[in-house]
Amino acid sequence: MNEPRGNNNQNYWILDGNKKLIKTNSVDSDLDVMEKLASDILKCLGIDCINVELGINGGRNCCIIETFETKSESLYDMIIDWKNVDTESASDDIDLCFEQMFFHFKHNLYNISNCELEQIKESYIRMIFGDCITGNFDRHLGNVGILFDEKKHQFRLAPSYDNAMSFKGYNLFKTYKCCIGKQSFKIDDVLAYLVQNYSNTISDIIYNLNILATKDIEEIVSNYEIDLGKKQYIIKYIRKVNQIAEYEANKEMKLV
């Protein structure tokens with residue numbers, strides 16, 4: 001079988017009808033729970049994401065992840081000759097990083113159609129917005145993949161995967177950032193940028209986020225065996241992200 005992604009030698013693939021990745025935790029780690037929780041939240045928001053289940057492997061907690069490749073698809077890693085940007089504006093820097101990603105999609109994926117390109121760009125924008133919502137700071141280029149269907153000769157962005165680093169701190173807006181390509185930015189800066197520049201692409205996510213923050217998040221988090229302090233933190237964080245997204249969306253509406 002193929003080698004698993006990541007640096008954990010406890011990870012391996014199995015064949016059980018479909019190919020599945022087993023990711024076994026180190027002692028006292030909640031990476032499996034965060035992977036599953038992030039998946040549940042992203043799906044609730046309407047963001048394309050891997051299927052994750054929780055399990056036990058050799059007496060240790062693990063998560064079981066279904067492959068996102070079809071039988072005719074292969075995964076291309078994102079290898080980019082990255083040019084670091086550093087202007088006096090966070091918004092300009094974020095914009096230039098997205099431009100680099102979009103340039104790669106267009107020029108390094110052989111014979112990609114305009115329709116496929118636009119779908120990949122929109123999927124990537126939605127994935128990054130999802131990272132902001134779950135506080136996932138691990139979206140380096142190794143956790144972004146392009147799938148190529150050899151039978152249909154079509155490209156698509158792989159669903160959001162490797163989300164185990166979601167909700168890994170208690171002060172995300174102060175200490176944790178969101179990755180775009182090979183650079184990181186403050187989560188609230190990325191949220192503002194996406195709402196201001198891609199409101200049509202993420203409008204359904206913003207709507208679903210409001211429902212999640214006001215109705216569903218407490219019930220979702222209650223299904224997980226994590227300490228009460230972290231549950232309360234996650235709930236507050238989701239609500240804070242929703243407040244920022246709503247504020248930026250309302251600000252944009254006033255400018256129109």
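FYI, it's all coordinate maths here, none of it is from the lab. For clarity, every value in this text was computed on a predicted model and none was experimentally measured. FYI the Cβ positions are ideal-geometry reconstructions off the backbone, even for glycines, and counts take in every protein chain you see.
Structure notes:
- In this rough spin-label picture, where each label sits 7 Å from Cα along the Cβ direction, the E218-Q119 distance is 4.0 nm.
- Within segment 20-101, none of the chymotrypsin sites (Phe, Trp or Tyr not before Pro) combine a DSSP coil assignment with at most 13 other C-beta atoms in a 10 angstrom radius.
- Selected from N61, I112, Y124, residue furthest toward positive end of dipole (the chain; charges at beta carbon): N61
- The Cα-based radius of gyration and maximum Cα-Cα distance (Dmax) for segment 12-66 are 11.6, 34 Å.
- Overall, the chain carries a charge dipole of about 240 debye about its Cα centre when +1 sits on the Cβ of Lys and Arg and -1 on the Cβ of Asp and Glu, all other atoms neutral.
- Label separation (E88 vs K240): 2.9 nm, computed from points 7 Å beyond Cα along the C-beta direction.
- Longest site-free stretch - the chain; sites: GluC sites (Glu not before Pro), DSSP loop, at most 13 other Cβ within 10 Å: 1-87
- Qualifying trypsin sites (Lys or Arg not before Pro) in segment 52-145, where qualification requires a DSSP coil assignment and no more than 13 other C-beta atoms within 10 Å, comprise K71, K83.
- Our Cα-only numbers for segment 73-255 put the radius of gyration and Dmax at 17.0, 51 Å.
- Vicinal HN-Hα couplings computed from phi for segment 58-65 (Karplus, 6.51 cos²θ - 1.76 cosθ + 1.60; Hz; Gly/Pro x): x, x, 10, 5, 8, 10, 10, 10
- Cα gyration tensor shape of segment 173-247, rounded if a/c is under 1.5, else prolate or oblate by comparing a/b with b/c: oblate
- Around the Cα centre of segment 12-66, unit charges on the Cβ atoms of Lys, Arg, Asp and Glu (plus for the first two, minus for the last two) sum to a dipole of about 140 debye.
- Nonlocal amide H pairs with W82, under 5 Å, H built at 1.01 Å: none
- Over 29 Å (Cα to Cα) - which of K121/K240; K19/K151; K71/K186; K20/K83; K36/K71; K106/K186 fall in this group: K71/K186; K20/K83
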